[in-house]
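*Asks:* Pasting a structure below so you can have a look.
Please treat every number below as a calculation from the coordinates, not as lab data. It should be emphasised that the depicted structure is a prediction, and the values quoted were computed from it without experimental measurement. All Cβ positions, even for glycine, are placed from backbone atoms using ideal geometry, and neighbour counts span all protein chains on display.
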């Protein structure tokens, strides 16, 4: 867990977990009434890793925002899907796959969402050249 200043970071809780812990952490948040707002990636090219970021929020009464993050190796980027439990994760994961090439294991359909069907590139990777 990372200590955060909400006024500075926009989240109340910032959790770094292992990739295999993502489904359990997301299930716990889901059970507590949190909703998934977004999923995206960050390319830490110098560290040879990607980071997957999941933004959750709960607005029933008082706003509470949680950032769930995990790292995966750049040479075989893979994390478990959340799409079986949280249907809204489906398109977010497809978009992240399009732009970074991160595989969401168990996802029902990682076909391109925004890129052409025959795209063999991931434009948000830092080593991408147009």
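*Asks:* Place the peptides 105-116, 87-98, 9-20 in order of packing, highest mean first, counting for every residue the other Cβ atoms within 10 Å and averaging per peptide. Can you show the working numbers first?
*Replies:* Values: 105-116: 12.7, 87-98: 19.5, 9-20: 14.8.
Output ranking for 105-116, 87-98, 9-20: 87-98, 9-20, 105-116.
*Asks:* Moving on. Normalised by the residues of the chain, what does the relative contact order come to in percent, with Cα pairs under 8 Å and at least six apart?
*Replies:* It comes to 21 percent, rounded to a whole number.
*Asks:* Return 74, 58 ranked ascending by Cβ neighbour count within 10 Å, so the fewest neighbours appear first.
*Replies:* Ranked by crowding around the Cβ, least crowded first: 58, 74.
*Asks:* Report the FRET efficiency, 1/(1 + (r/R0)^6), for residue 87 and residue 7, where r is their Cβ-Cβ distance and R0 is 25 Å, rounded to 0.05.
*Replies:* 0.15
*Asks:* For residue 105 and residue 69, compute 0.36 nm times the residue count separating them, minus their Cα-Cα distance, and round to one decimal in nm. Can you show the working numbers first?
*Replies:* Values: separation 36, 0.36 × 36 = 12.96 nm, distance 1.63 nm.
My answer for the length gained is 11.3 nm.
*Asks:* Specify the angular offset, from 0 to 90 degrees and rounded to the nearest 10, of the alpha carbon long axis of helix 22-31 from the longest principal axis of the alpha carbons in the chain.
*Replies:* With both axes taken from Cα atoms, the answer is about 40 degrees.
*Asks:* Suppose only helical runs count, i.e. DSSP H with n ≥ 4. What mean residue ellipticity at 222 nm does that imply for the chain under -39500 (n - 2.57) per run, divided by all residues and rounded to the nearest 500 deg cm²/dmol?
*Replies:* Only helices count here, giving -5500 deg cm²/dmol.
*Asks:* Further question on the same structure: Hey, got the Cα dimensions of the chain along the principal axes, in Å, largest first?
*Replies:* The principal-axis extents, from largest down, are 46, 31, 24 Å.
*Asks:* Let me make sure I get this right: for segment 15-71, a, b and c are the square roots of the gyration tensor eigenvalues over alpha carbons, sorted descending. Under 1.5 in a/c it's rounded, otherwise prolate if a/b > b/c, else oblate. Which is it?
*Replies:* Prolate is the answer for segment 15-71, as a/c is 1.5 or above and a/b outweighs b/c.
*Asks:* Treat the count of other C-beta atoms within 10 Å as a stand-in for reagent exposure and order 129, 40, 72 from fewest to most.
*Replies:* 129, 40, 72
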